[in-house]
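K.L.:
To start, I am sharing the structure in question, which I have written as structure tokens.
Readers should treat all values here as calculations from the given coordinates under stated rules, not as data from a laboratory. Keep in mind that what you see is a predicted model, and the values were worked out from it rather than measured. Cβ coordinates were reconstructed from backbone atoms using ideal geometry, including for glycine residues, and neighbour counts include every protein chain displayed.
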Amino acid sequence: MIRFRNERTSLTNKAMPVILFLCAATSILTTVGIVYTLLSETIRFFTIVPLSDFLTQSRWNPLMAPKSFGIWPLISGTLLITFIACIVALPIGLAAAIYLSEYAPRAVRKIIKPILEVLAGVPTIVYGYFALTFMTPLLRSMIPNLPIFNALSAGIVVGIMIIPMVSSLSEDAMLAVPRSLRDGAYALGATRFEAVLKIVLPAGLSGVISAFVLAFSRAIGETMIVTVAAGATPKLTLNPLDSIQTMTAYIVQVSLGDTPHGSVEYGTIFAVGMTLFVITLILNIAAKRLSLRFREEY
Amino acid sequence: MNQWTTADDHKRVLMRRRIDFMLRLLFLLCTSIGIVALAVLIVSIVVDGFRYIRPELFLNYPSRRAAQAGMKSAIVGSIYMLLMMAPISFVFGVGAAIYLEEYAKKNRATRFIQLNISTLAGVPSIVYGILGLTIFVRFFALERSLISGTLTMTLLVLPVIIVSAQEAIKAVPKIRRDASFALGADKWQTVSRAVLPSAMPGILTGVILAMSRAIGETAPLVMIGALTYISFLPSSLKDSFSVMPIQIFNWISRPQEEFHSLAAAGIMVLLALLLLMNFSAILLRNKFQKHI
């Protein structure tokens, strides 16, 4: 009986690492799947539509004749939303991080942190609703002739959505700055703000910038808010009062309609998806590099 | 004032303190913007949606008439998806985390897997939708079905679960493993009976938080084609389905005011479910912590 047990446990001991490795390998398969599907369909798309058209034309109108496939209107729409979001979220998020890590009493932190976490957990479709039914009417009462679907409203709400992300990541970066550096500043008579400005921020800078880059990338990939509130008219513009379309919203628009599988229109999903994937991947890798650098210093 | 300081110095110090105080207020103000935004969001939703919180919302199928429209199929679809997604992503996520923390050698392959997981966590959710559409809906010919949606969302939440489970396993003190080995346990006995029970509260919290993220996700399911006019409950894995965020999205997309209010009511149900899940995460954690 005892022999039997031993044999069984030695079998599990041989099998478990393999089974567990297979679990971990699904993540590699996922990546391979993403790259393969995007790449193969994108390559097929570019055999029909020349890459030069995609990169040089300034009009995006793949669904109706006369068709044109210039990606720039979608990129400008995406960047416009992202810039508005960053103008809202970066200063507010950083200020909140400074308050939470340097000023806030423990009791206040204990209340504020969970609330920011709730804000981060609200589904994006809920923010979309908020943009369309609260932010847009509010802006329209201040700015006459603002179209119902506009970049400004969606951008501001995307900004509100990424505030918790900016603040919690920047706060981590600032908390990683050793206490002794702050104490040194206080011993020299610095006020809290002077310690933040001249010691804590410079020391945690790469972490803070990494937080900014991640937030930027998150705003680029945000889908539902812009689909609901920013419109569906691809336009090469940097005017926040215009109705625009982002890359993500375009992908949703096509998949909502019944575009036949295998057509050129269907291929655009993958070409746009590939562009989105590459941009966010580069940003995420850059953020990772930055945050590793700041960890090495201490 | 003494011989080393002048009235000027005194003034300068006062000024610096005043700047510090003003900025402290400014930072506090910025911090409260997030809180105010959350409050405004919730109030505006409750004000809009309150009158549509009625039995029909839970008992009726979607309808072209707002007065009769409900989200029964969407609520049931969300719950089905949750019930299937939770065990699958738990097994794969925790399995991967155990491998990386307890078994993997610290070599290039492991570092590559680790880097890959953190990269996957940053991929926009809509890209997972494209993946699901190509792999599950088309390649495996699972059609626009409950199982396609579930598998797509599982892939989406796996990186999050793996990372949080790794954190939980890392936090288990080494002394527990040593004690187990000292009692003659082998590797798997140690992992399953000494490490995992101790890491379980953290793991479960991570899983539930990942699930609540998945329940609110819209974009990938729009991609794989979850439908909005479902007037039946899915009875098999290959049935078409709807989920709450999709139904809400559909109602928001309509121009009529009544449907916007209906969407607000739907959002209230969704947020209530999320709150319930987070609350159960806290309860579970407390319960488990007492046992250890």
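K.L.:
Determine, for A:Ser27, A:Ser243, the number of other Cβ atoms within 10 Å of each Cβ, and report the residues in order from fewest to most. Walk me through the intermediate numbers first.
P.N.:
Numbers: A:Ser27 25, A:Ser243 21.
Exposure proxy ranking, most exposed first: A:Ser243, A:Ser27.
K.L.:
Is it possible to state the helix-based mean residue ellipticity at 222 nm for chain B, with each DSSP H run of 4+ residues giving -39500 (n - 2.57), the sum divided by total residues, to the nearest 500 deg cm²/dmol? What is it?
P.N.:
Computed ellipticity for chain B at 222 nm equals -24000 deg cm²/dmol.
K.L.:
What average number of partner chain Cβ atoms lie no more than 10 Å from the Cβ of the residues making up B:213-222? Can you show the working numbers first?
P.N.:
Numbers: counts 3, 1, 1, 7, 5, 10, 12, 1, 0, 9.
For peptide B:213-222, the averaged partner shielding equals 5.
K.L.:
Starting from 0.36 nm per residue, how many nanometres of slack lie between A:Arg179 and A:Ile43 once their C-alpha separation is accounted for? Numbers along the way, then the final one.
P.N.:
Working: separation 136, 0.36 × 136 = 48.96 nm, distance 5.30 nm.
Residue separation times 0.36 nm, minus the Cα-Cα distance, leaves 43.7 nm.
K.L.:
Mind checking which of A:Ile269, A:Ile81, A:Ile112 has the largest fluctuation in a GNM of chain A, springs on alpha carbons under 10 Å?
P.N.:
A:Ile112
K.L.:
In addition: Over chain B, what is the relative contact order in percent, taking alpha-carbon pairs closer than 8 angstrom and at least six residues apart? Kindly include the intermediate steps, with their values, before the conclusion.
P.N.:
On the way: 344 pairs, mean separation 74.6, N = 292.
With pairs under 8 Å counted, the relative contact order is 26 percent.
K.L.:
Right, another one. Which one, B:Ala182, B:Leu237, B:Tyr99, projects farthest toward the positive side of the charge dipole computed for the protein assembly as shown from Cβ point charges (K/R +1, D/E -1)?
P.N.:
Checking the options against the dipole of the protein assembly as shown, the answer is B:Ala182.
K.L.:
To continue, here is another question. I'd like the mean, over residues of B:140-153, of how many other protein chain beta carbons sit within 10 Å of each residue's own Cβ.
P.N.:
Numbers: counts 0, 0, 0, 0, 0, 0, 0, 0, 0, 0, 0, 0, 0, 0.
Across the residues of B:140-153, the mean count of other-chain Cβ atoms within 10 Å is 0.
K.L.:
Normalising by the residue count of segment B:198-254, find the relative contact order in percent from Cα pairs under 8 Å and 6+ residues apart.
P.N.:
Values: 30 pairs, mean separation 18.2, N = 57.
32 percent.
K.L.:
Lys and Arg at +1, Asp and Glu at -1: add these up for the other residues within a Cβ distance under 15 Å of A:Thr223 and post the number. Intermediate results must be reported in sequence, preceding the final value.
P.N.:
On the way: positive: A:Arg218, B:Arg213; negative: A:Glu222, B:Glu217.
For residues surrounding A:Thr223, the net value is 0.
K.L.:
How much length is gained if the chain between B:His10 and B:Glu143 is pulled fully straight, taking 0.36 nm per residue apart and subtracting their Cα-Cα distance, in nm to one decimal?
P.N.:
Working: separation 133, 0.36 × 133 = 47.88 nm, distance 7.64 nm.
This chain segment gains 40.2 nm when fully extended.
K.L.:
Post the alpha-carbon centroid distance, segment B:240-277 to segment A:165-230, in whole angstrom.
P.N.:
Cα centres, segment B:240-277 to segment A:165-230: 35 Å.
K.L.:
Hey, can you grab everything whose amide H is under 5 Å from the amide H of A:Asn61? Only 5+ residues off in sequence or another chain; H modelled, so Pro and N-termini drop out.
P.N.:
A:Ser68, A:Phe69, A:Gly70
K.L.:
Can you give the mean number of other chain Cβ atoms that lie within 10 Å of the Cβ atoms in peptide A:93-102? Mind showing how you got there, number by number?
P.N.:
Numbers: counts 4, 2, 8, 9, 3, 6, 10, 2, 0, 2.
Per residue, the number of nearby Cβ atoms from other chains is 5 on average.
K.L.:
Additional query: Using Stokes-Einstein with the Kirkwood hydrodynamic radius over Cα pairs, what translational diffusion coefficient do you get for chain A at 25 °C and a viscosity of 0.890 mPa s, in µm²/s rounded to a whole number? Don't skip to the answer; put the middle values down first.
P.N.:
On the way: Rh = 22.1 Å.
Reported coefficient: 111 µm²/s.
K.L.:
Determine the principal axes of the Cα atoms in the protein assembly as shown, then give the extent along each, sorted from largest to smallest and rounded to whole angstroms.
P.N.:
Result, largest extent first: 87, 85, 56 Å.
K.L.:
Moving on. With the Cα gyration tensor of segment B:30-160 in hand, convert its eigenvalues to equivalent ellipsoid semi-axes via √(5λ) and list them largest first in whole Å. Please list the in-between numbers first.
P.N.:
On the way: eigenvalues 269, 110, 37 Å².
Ellipsoid half-lengths, sorted descending, are 37, 23, 14 Å.
K.L.:
Still on this structure, I have one more. Using alpha-carbon positions, what is the distance between the centroids of segment B:83-123 and segment B:175-193, in Å?
P.N.:
Centre-to-centre distance over Cα atoms comes out at 22 Å.
K.L.:
Only Cα pairs within less than 10 Å get springs; with that Gaussian network setup on chain A, which residue of A:Pro144, A:Pro17, A:Pro234 has the largest fluctuation?
P.N.:
Of A:Pro144, A:Pro17, A:Pro234, the most mobile in the Gaussian network model is A:Pro17.
K.L.:
Right, next: Is any helix in chain A, taking whole DSSP H runs, at least 18 angstrom long along its axis by alpha carbon and on average at least -1.0 on the Kyte-Doolittle scale, and which ones? If you can, show how the numbers build up before the last one.
P.N.:
Working: long enough: A:2-48 (68 Å, 0.77); A:72-98 (37 Å, 2.13); A:106-121 (23 Å, 0.68); A:151-175 (35 Å, 1.62); A:205-221 (24 Å, 1.66); A:264-296 (48 Å, 0.98).
Helices meeting the span and hydropathy rule in chain A are A:2-48, A:72-98, A:106-121, A:151-175, A:205-221, A:264-296.
K.L.:
Mind running the shape call on segment B:21-91? Use the C-alpha gyration tensor, a ≥ b ≥ c as the square roots of the eigenvalues: rounded below 1.5 for a/c, prolate if a/b tops b/c, oblate otherwise. Before the final figure, lay out each step's value.
P.N.:
Values: a/c = 5.53, a/b = 1.61, b/c = 3.43.
Oblate.
K.L.:
How charged is the neighbourhood of B:Ser148? Take every other residue with its Cβ under 15 Å from the Cβ of B:Ser148, and add Lys/Arg as +1 and Asp/Glu as -1. Display every interim value, and only then the final one.
P.N.:
Numbers: positive: B:Arg138, B:Arg144, B:Lys238; negative: B:Glu143, B:Glu217, B:Asp239.
Summing Lys and Arg as +1 and Asp and Glu as -1 gives 0.
K.L.:
Please identify the trypsin sites (Lys or Arg not before Pro) of segment B:41-96 that satisfy two criteria: DSSP loop assignment and at most 12 other Cβ atoms within 10 Å. Which are they?
P.N.:
Numbers: sites: B:Arg51, B:Arg64, B:Arg65, B:Lys72; in loops: B:Arg64, B:Arg65.
Listed in order of number, the matching sites are B:Arg64, B:Arg65.
K.L.:
Report, in listed order, any pair from B:Lys105/B:Lys287; A:Lys198/B:Lys106; A:Lys113/B:Lys105; A:Lys110/B:Lys72; A:Lys113/B:Lys170 with a Cα-Cα distance greater than 28 Å. Please report the intermediate quantities before stating the final value.
P.N.:
On the way: B:Lys105/B:Lys287 34 Å; A:Lys198/B:Lys106 39 Å; A:Lys113/B:Lys105 37 Å; A:Lys110/B:Lys72 38 Å; A:Lys113/B:Lys170 24 Å.
Beyond 28 Å: B:Lys105/B:Lys287; A:Lys198/B:Lys106; A:Lys113/B:Lys105; A:Lys110/B:Lys72.
K.L.:
Something else about it: Hydropathy at least -0.5 by Kyte-Doolittle, axial extent at least 27 angstrom from the Cα trace: which helices of chain B, defined as entire DSSP H runs, fit?
P.N.:
Numbers: long enough: B:7-49 (62 Å, 1.13); B:72-98 (39 Å, 1.71); B:146-170 (35 Å, 1.54); B:196-216 (30 Å, 1.29); B:257-291 (51 Å, 0.87).
Answer set is B:7-49, B:72-98, B:146-170, B:196-216, B:257-291.
K.L.:
Scanning chain B for chymotrypsin sites (Phe, Trp or Tyr not before Pro) in DSSP loops with at most 13 other Cβ atoms within 10 Å, what's the longest stretch left with none? Walk me through the numbers before you get to the answer.
P.N.:
Numbers: sites that count: B:Trp4, B:Phe140, B:Tyr229, B:Phe232.
Longest run free of exposed loop sites: B:5-139.
K.L.:
Okay, moving on. Dipole size in debye (nearest 20) for segment B:56-291 around its Cα centre, Lys and Arg Cβ +1, Asp and Glu Cβ -1?
P.N.:
On the way: 21 positive and 11 negative charges, 143 e Å.
With Lys and Arg at +1 and Asp and Glu at -1, about 680 debye.
K.L.:
Please work out whether segment A:1-123 counts as rounded, prolate or oblate from its C-alpha gyration tensor, where a ≥ b ≥ c are the square roots of the eigenvalues and a/c under 1.5 means rounded, while otherwise a/b larger than b/c means prolate and anything else oblate? Spell out each step's value before the answer.
P.N.:
Values: a/c = 4.51, a/b = 1.21, b/c = 3.72.
Oblate.
K.L.:
Please report the spacing between the Cα centers of segment A:237-296 and segment A:87-120 in Å, no decimals.
P.N.:
29
K.L.:
Something else about it: If you average 1/r over every pair of different alpha-carbon atoms in segment B:56-291 and take one over that average, what Kirkwood value in Å do you get? Don't jump to the answer; show the numbers that get you there.
P.N.:
Values: mean 1/r = 0.0517 Å⁻¹.
Evaluated on segment B:56-291, it is 19.4 Å.
K.L.:
Moving to a separate point now. Which whole-number percentage describes the relative contact order of chain A, with Cα contacts under 8 Å and a sequence gap of 6 or more? If you can, show how the numbers build up before the last one.
P.N.:
Values: 400 pairs, mean separation 74.9, N = 298.
Once normalised by length, the contact order is 25 percent.
K.L.:
Can you sort B:Lys105, A:Lys110, A:Lys288 by how many other beta carbons sit within 10 Å, fewest first? Could you put the intermediate results ahead of the total?
P.N.:
Numbers: B:Lys105 7, A:Lys110 10, A:Lys288 17.
Ranking B:Lys105, A:Lys110, A:Lys288 by Cβ neighbours within 10 Å, fewest first, gives B:Lys105, A:Lys110, A:Lys288.
K.L.:
Continuing with the same structure: Sort B:Asp48, B:Asp186, B:Asp20 by Cβ crowding within 10 Å, fewest neighbours at the top. Walk me through the numbers on the way to the answer.
P.N.:
Numbers: B:Asp48 21, B:Asp186 14, B:Asp20 17.
Going from least to most buried by this count: B:Asp186, B:Asp20, B:Asp48.
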